[in-house]
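See structure below.
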Amino acid sequence: MPSFLERFLSQPLYYQILLVTLVVLVVGFLLYILWQLIGYSLALTKTKPDATRMEGVLRVLSGATGLSLGVLMLWFQDWLRHQMAGSLMVLPLGFLAAGVYLLADGLGVLLLRRSGVGVVLFIWSIVIGVGWLVYSCVR
């Protein structure tokens, strides 16, 4: 059974260049996202609150509304497909994503009176979850 390096070197040169370029771009993009996430996390350590509790309540309610609209759109997906002559998964997924974003941001404002804390914590929980999943699959 040939190793990965032997199989990689047996491929045409254009394929090798394309694969190496793709890997470099993906790794660079992931490192850039991690750099931005660390920067936003450090920026949130300021002590001055920048949002009111009412803003948090409104964001939580908006997030719950977006989530419920997304779930209803997924529930009635067959009806939407019939009415709009095609499957529209982008619309409910957009509402679900916006609802999760607003709900996380609203909870961050309610708990810590800081705008953006909930979203950064939510993204860190996703990063940790994906890392745990990769670790458990590799182990």
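Each value in this text was obtained by applying a stated rule to the coordinates, not by laboratory testing. The shown structure was predicted, so the numbers you read here are calculated from the model rather than taken from an experiment. Counting neighbours? That spans all protein chains shown, and the Cβs are built from the backbone with ideal geometry, glycine included.
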Task: Surface/4 of the Cα convex hull for the chain, nm² - done: 13.8 nm²
- [ ] Can you tell me the order of 11-24, 98-111 when each peptide is scored by its average per-residue count of other Cβ atoms within 10 angstrom, highest first?
- [x] 98-111, 11-24
TODO: Taking amide H positions as placed in the peptide plane 1.01 Å from N, state which residues far from Ser115 in sequence (5 or more) or on other chains have amide H under 5 Å from it.
DONE: Asp50, Ala51
Task: Alpha carbon centroid spacing (whole Å) that separates segment 35-65 from segment 90-125 - done: 8 Å
Task: Karplus (6.51, -1.76, 1.60) ³J(HN,Hα), θ = phi - 60°, over segment 27-39, in Hz, Gly and Pro reported as x - done: 5, x, 5, 5, 5, 5, 4, 5, 4, 5, 5, 5, x
TODO: Output the relative contact order of the chain, whole-number percent, from Cα pairs under 8 angstrom with separation of 6+ residues.
DONE: 25 percent
Task: C-alpha long axis of helix 117-138 to longest principal axis of the chain, angle in ° - done: 30 degrees
TODO: Report, in degrees rounded to the nearest 10, the 0 to 90 angle that the Cα long axis of helix 90-112 makes with the longest principal axis of the chain.
DONE: 60 degrees
